[in-house]
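Visitor: Encoded as structure tokens, here's the structure I'll be asking about.
The values are calculated or read from the model by the stated rules, or taken from the named source; none is laboratory data. These figures come from a predicted structure and were not determined experimentally. Cβ atoms come from the backbone with ideal geometry, glycine included; neighbour counts cover every protein chain shown. The accessibility values were calculated without ligands, DNA or RNA, using every heavy atom of the protein model including side chains. Shrake-Rupley method; radii C 1.70, N 1.55, O 1.52, S 1.80 Å.
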Amino acid sequence: MNYIISIDQSTSSTKALLFDEQCHVLSRTNVDHQQYYPQTGWVEHDAEEIYQNMIEAIRQLIEHETLNIEHSAAHESADTNNVPCSMLNVQCSLAITNQRETAVVWNRLTGKPISRAVVWQDTRGAELCRQLRSQGYAKRVFDKSGLLIDPNFSASGVKWLLDHIDGAREQAEKGELLMGTIDTWLIWKLTGGKVHATDYTNASRTMLFNIHTMQWDDDLLKLFDIPRSMMPEVRPCDAIYGETTCDGLFASPIPIAGVLGDSHGALVGQMCFQPGSGKVTYGTGSSVMVNIGEKPLAAPQGLVTSVGFSAFGKTYFGYEGNIYSTGATLKWMADQLGMVGHPSEMEAQATSVADNGGVYIVPAFSGLGAPWWKSDVKGAVFGLTFATTKAHILRAALESISYQIKDLIDVMSRATGGRLSEICADGGPTKNRFLMQFQADMLDTPVVCTEVDDASALGAVIMNGFARGIWESFDEVTGFRKVTQVFKPQPSPTKETLYQGWRNAVNQLIK
């Protein structure tokens, strides 16, 4: 039996999912990690905690699946001596998909991070980004990297660490420090420091990678004052990255194969292999990405161009827009305000009222992402009256997700020559039927949900299979995508009025 363990390391937790070679999910585990907010606008993760949580998630997965295998084998075999004692008796490989842009800097000699990781939501690099834009570097960065100068991307966070952590700049100049996104850190740890590598998709989100030459760019490294010696090797998504025992969980090393950022994993997992196909990932934030083919075309205003994925010796690019707070807004409602016990309870509350009661929430907790790119804007609630109830506020929070997605889809539709025929949706919030129907209505476009909740993890599994020669073409895996529900747009006489109310709210913040 051959299994693929897919690690989905997200902003809030680390999931380990067990797939068979027909891409069926057999089991999953999840371990949350702590969020650190040491100052206003700062968001940090403990990279060591994330690694240990990954190992724990894999351990739980193995333990759980061992029981399933033992139970199944005991019923199938009269000879109990042949019952497997653990999952270590089957062949496994490891695939990785990860939160992007979050930057880790660590000492190659001690193996220890010099500080907590700077998360993609962190805005401490905002002032540096403003300075670079005012000095006229925006076009140069955009032309080379496909990105806008924004603290969302890794470069400003890495520079901040080098400039503010005692001794960091000196260590970096001596070649003692390494940097990477979370995938790089995990691979380095899994291989005992033997492999310092990332994939093209994660590299393309750092603001240091040239998407035309497909290499780290010396001009961009100089601009952010980051030594080239810190940078990882860059490989295709469908490469074999090394071997690991997962801290001794496996008696013999297993291959690490298939690595890509989570939004790109969802693009692959949703089988968006053809130019013009696109997806929306509803996670902590949301990524809207459309496959534009093998040429890194300049993105329209408000969007960026990134590597979509690389496989079979070819690289496919995508237009993308990122929203900082979608699922995070729902989690904030539950965890910080206590308005519901869990985000899953919001649908019943939202549908208990006829409309939002004139309430709009602009969830700019970490600024506004695409297409606005206003990192200094703070979140706000508009339209409160004495008639406002908790249900109105919860409904407004859900609606804010759809409005933000519409902001991006409208820009993409104009760039690609018309309304998209459908949008493939993935992520936890897709279980919210009110949200999905409201989204379809706002876009006037069908929203397609698939049976795989974890499309990013599936995308990593597909790249793992490509790397190991299990599948040799995109066509071989397209059948793995199973549509569970299609939300078709319904006539909505108030749609334009609702959306205009959202735009009015945003405009009050970005003046």
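Visitor: What is the residue count in the stretch 473-511 for residues that are over 20 Å from Phe365 (Cβ atoms), modelled with pLDDT of 90 or more and open to solvent by 80 Å² or more (accessible area, probe 1.4 Å)?
Guide: Going through the stretch 473-511 one residue at a time, the tally reaches 7.
Visitor: Being within 19 Å of the chain's Cα centre (by Cα), charged (D, E, K, R), farther than 19 Å from Gly308 by Cβ and open to solvent by less than 30 Å² (accessible area, probe 1.4 Å) is true for just one of Asp183, Asp217, Asp150. Which residue is that?
Guide: Of Asp183, Asp217, Asp150, the one residue that is within 19 Å of the chain's Cα centre (by Cα), charged (D, E, K, R), farther than 19 Å from Gly308 by Cβ and open to solvent by less than 30 Å² (accessible area, probe 1.4 Å) is Asp150.
Visitor: Residue check, Pro227 against (1) modelled with pLDDT of 95 or more; (2) open to solvent by 40 Å² or more (accessible area, probe 1.4 Å), all met but one. Which one?
Guide: In the conditions (1) modelled with pLDDT of 95 or more; (2) open to solvent by 40 Å² or more (accessible area, probe 1.4 Å), Pro227 misses (2) alone.
Visitor: Additional query: Given the criterion in contact with a helix residue (DSSP H, G or I) (Cβ under 7 Å, 6 or more places away or on another chain), closer than 28 Å to Arg124 by Cα, buried (at least 22 other Cβ atoms within 10 Å of the Cβ) and at pLDDT below 95, identify the matching residue among Pro363, Pro429.
Guide: Pro363
Visitor: Please go through the stretch 274-318 and give me each residue that is part of a strand (DSSP E or B), more than 17 Å from Arg205 (Cβ to Cβ) and open to solvent by 10 Å² or more (accessible area, probe 1.4 Å), ordered by number.
Guide: Correct list: Lys314 only.
Visitor: Taking only the stretch 160-196 into account, find how many residues are over 25 Å from Val259 (Cβ atoms) and either in contact with an Asp or Glu (Cβ under 6 Å, 6 or more places away or on another chain) or assigned to a helix (DSSP H, G or I) (or both).
Guide: Residues that pass the stated criteria total 9.
Visitor: Give the residue that is surrounded by the fewest Cβ atoms within 10 Å (Cβ to Cβ), with candidates limited to residues of the stretch 124-133 that are closer than 17 Å to Trp372 by Cα and in contact (Cβ under 8 Å) with a residue 40 or more places away in the chain.
Guide: Ala126
Visitor: List the pairs whose first member sits in the stretch 134-157 and is touching a residue at least 24 places away in the same chain (Cβ under 8 Å), whose second member is surrounded by fewer than 17 Cβ atoms within 10 Å (Cβ to Cβ) and acidic (Asp, Glu), and whose Cβ atoms are under 8 Å apart, counting only residues at least 6 apart or on separate chains?
Guide: Partner pairs satisfying both residue conditions: Arg140/Asp219; Lys144/Asp219.
Visitor: Six or more apart or on different chains, Cβ under 6 Å: which pairs go from a residue in the stretch 453-473 that's in contact (Cβ under 8 Å) with a residue 24 or more places away in the chain to one that's in a helix (DSSP H, G or I) and open to solvent by 10 Å² or more (accessible area, probe 1.4 Å)? Could you list them?
Guide: Ser456/Asp262
Visitor: If I filter the stretch 99-117 down to residues being touching a Leu at 6+ places or on another chain (Cβ under 7 Å) and open to solvent by less than 10 Å² (accessible area, probe 1.4 Å), which single residue comes out as nearest to Thr40 (Cα to Cα)? Spell out the reasoning first.
Guide: Of all residues in the stretch 99-117, those touching a Leu at 6+ places or on another chain (Cβ under 7 Å) come to 105-108, 114-115.
The next check asks that each one be open to solvent by less than 10 Å² (accessible area, probe 1.4 Å); those that pass are 105-106.
Details: Val105: 22, Trp106: 24 Å.
Among those that are touching a Leu at 6+ places or on another chain (Cβ under 7 Å) and open to solvent by less than 10 Å² (accessible area, probe 1.4 Å), it is Val105.
Visitor: Please go through the stretch 255-273 and give me each residue that is buried (at least 24 other Cβ atoms within 10 Å of the Cβ), in a strand (DSSP E or B) and over 13 Å from the mean Cα position of the chain (by Cα), ordered by number.
Guide: Answer for the stretch 255-273, where residues must be buried (at least 24 other Cβ atoms within 10 Å of the Cβ), in a strand (DSSP E or B) and over 13 Å from the mean Cα position of the chain (by Cα): Ile256, Ala257, Gly258.
Visitor: Pairs needed: first member in the stretch 257-276, within 16 Å of Cys449 (Cα to Cα); second member anywhere, basic (Lys, Arg) and crowded, with 24+ Cβ neighbours inside 10 Å; C-beta distance under 6 Å; at least 6 residues apart or different chains.
Guide: Once the first residue is within 16 Å of Cys449 (Cα to Cα) and sits in the stretch 257-276, its partners that are basic (Lys, Arg) and crowded, with 24+ Cβ neighbours inside 10 Å give Ala266/Lys279; Leu267/Lys279; Gln270/Lys279; Cys272/Lys279.
Visitor: Could you tell me whether Lys144 is at pLDDT 95 or above, surrounded by fewer than 24 Cβ atoms within 10 Å (Cβ to Cβ), closer than 30 Å to Val304 by Cα and of a type in the set (Lys, Arg)? Steps first, please.
Guide: Working: at pLDDT 95 or above: yes; surrounded by fewer than 24 Cβ atoms within 10 Å (Cβ to Cβ): yes; closer than 30 Å to Val304 by Cα: yes; of a type in the set (Lys, Arg): yes.
Yes.
Visitor: Condition test on Asp238, is it within 19 Å of Cys92 (Cα to Cα), within 21 Å of the chain's Cα centre (by Cα) and of a type in the set (Asp, Glu)?
Guide: Here the answer is yes, as Asp238 does meet what is asked.
Visitor: Let me ask something else. Could you tell me whether the stretch 109-119 includes any residue that is under 21 Å from Phe209 (Cα atoms), among the hydrophobic types (A, V, I, L, M, F, W, C), touching a residue at least 24 places away in the same chain (Cβ under 8 Å) and in contact with a Cys (Cβ under 8 Å, 6 or more places away or on another chain)?
Guide: Within the stretch 109-119, not a single residue is under 21 Å from Phe209 (Cα atoms), among the hydrophobic types (A, V, I, L, M, F, W, C), touching a residue at least 24 places away in the same chain (Cβ under 8 Å) and in contact with a Cys (Cβ under 8 Å, 6 or more places away or on another chain).
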